[in-house]
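Reading through the C-alpha cells given below for one structure.
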C-alpha cells in the first residue's frame, strides 16, 4: 500500500509491480440538479476526479445507483442518469464493467473507479513544500448555486455556468501538472470545501498554506447567492477554525466561499513558484480556463491556514 487513510487523501494507491500501481476510489450522492443526464455527468466527473488528484489515469468503472422504483415506477431517470455517467467515463477513456443497484427512498448515483499510475508518479495531498505557489483550476460556488436552484432562486445563466464547471473533468489540471513539472502535491476540492481540503494538504505536508481570498475564482453570479448555504458550510468552518486565521479586511461575501461545499470542484495544486504561471497557462490551454494562482506555501507556523485579503 502506497497511500491509505493516514493523510485523508483523495484515493488509495496499491503497488502491483515496480512500474504499476492501481488507484481506487468511490463516491456517490443525491441529485444536485434536476436534469438526470447532467446529474449523471456531474456524479461521474466527481468520482473520476479523485484518480486525477493522485496523478492517475482512470481505467475501469462500476456504477452505483439507488432508486425508489417502487415509488417512481417506470420513470426514465435511471437510463438517463447512466447515460450521463457513461458519457463522462468515455470522455475520460474509462470502461464501465458493470455495477450495482438498490432500492432506496432517495435517488443516489456515483462510481467506483480504478485507475493506474506509475508508483514514482503518485501525487498526494501531503507533499506541499515551503516556497511553492498554489494553483486552483476551477471556480468556487457550486454549493450556493445548487442550493439556490433547489429553492427556485438561481438565475439560469448561473446554473449553466455551475453545471459546465461540475461536468468538466479534472484531466486538464492533471495533464498540465505533468507537462510543466515541479508539482509537489494535489488535492481536489469537494465536500469539505476549499477550507477543509486545503487544511488536509497543510496538515499532511506539515506546512502553512496562505491563500489570497481576493484571488479565488468564483462562479459568475454566485456572489449574489451566498445566503443559500448548505448545511456543510457550518460544519466545514467549524472543522478548520481551530487551525486557521483571517488576515486583513476580507470581504464577508467572498469569505463565505471558503466554507462552501463543492461538487466536482477543481484541483488545488502545490507547485514550484517558478513554474506556477506556466502551470496556469498550460491548464487554461487544456480547458481549465479559470485556473489561477491563489496563494503560497510557507514553513509551518502557529496555524495551518491563513486566509488574507
Tell me whether the stretch 35-57 contains one or more residues that are out of contact with any helix residue (DSSP H, G or I) (no Cβ under 8 Å at 6 or more places or on another chain) and assigned to a strand (DSSP E or B).
no
Look through the stretch 1-27, keep the residues that are at pLDDT 95 or above and within 20 Å of residue 169 (Cβ to Cβ), and return whichever of them is surrounded by the fewest Cβ atoms within 10 Å (Cβ to Cβ).
26
Does residue 164 satisfy the condition of being within 17 Å of the chain's Cα centre (by Cα), without any contact (Cβ under 8 Å) to a residue 40 or more places away in the chain and surrounded by fewer than 19 Cβ atoms within 10 Å (Cβ to Cβ)?
yes
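Going through 263, 235, 289 one at a time, which residue ends up being outside any helix (DSSP H, G or I) and closer than 25 Å to residue 126 by Cβ? Write out each step before concluding.
Working: 235 fails: outside any helix (DSSP H, G or I); 289 fails: closer than 25 Å to residue 126 by Cβ.
From the options 263, 235, 289, the qualifying one is 263.
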For residue 67: the one exception among (1) modelled with pLDDT under 95; (2) over 25 Å from residue 163 (Cβ atoms):
(2)
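Quick one: which residue in 179, 171 is assigned by TED's automatic domain parsing to the domain that holds residue 251, within 14 Å of the chain's Cα centre (by Cα) and surrounded by fewer than 24 Cβ atoms within 10 Å (Cβ to Cβ)? Spell out how you get there, then give the answer.
Numbers: 179 fails: within 14 Å of the chain's Cα centre (by Cα).
Going through 179, 171 in turn, the sole match is 171.
Here's the yes/no breakdown for (1) buried (at least 18 other Cβ atoms within 10 Å of the Cβ); (2) more than 22 Å from residue 189 (Cα to Cα); (3) modelled with pLDDT under 95:
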{"residue": "42", "(1), (2), (3)": "yes, no, no"}
{"residue": "75", "(1), (2), (3)": "no, yes, yes"}
{"residue": "83", "(1), (2), (3)": "no, yes, no"}
{"residue": "88", "(1), (2), (3)": "yes, no, no"}
{"residue": "92", "(1), (2), (3)": "yes, no, no"}
{"residue": "96", "(1), (2), (3)": "no, yes, no"}
{"residue": "101", "(1), (2), (3)": "no, yes, yes"}
{"residue": "119", "(1), (2), (3)": "no, yes, no"}
{"residue": "124", "(1), (2), (3)": "yes, no, yes"}
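The values are calculated or read from the model by the stated rules, or taken from the named source; none is laboratory data. Please read these numbers as outputs of a predicted model, since none were measured by experiment. In this analysis, Cβ positions are derived from the backbone assuming ideal geometry, glycine residues included, and neighbour counts consider all displayed protein chains.
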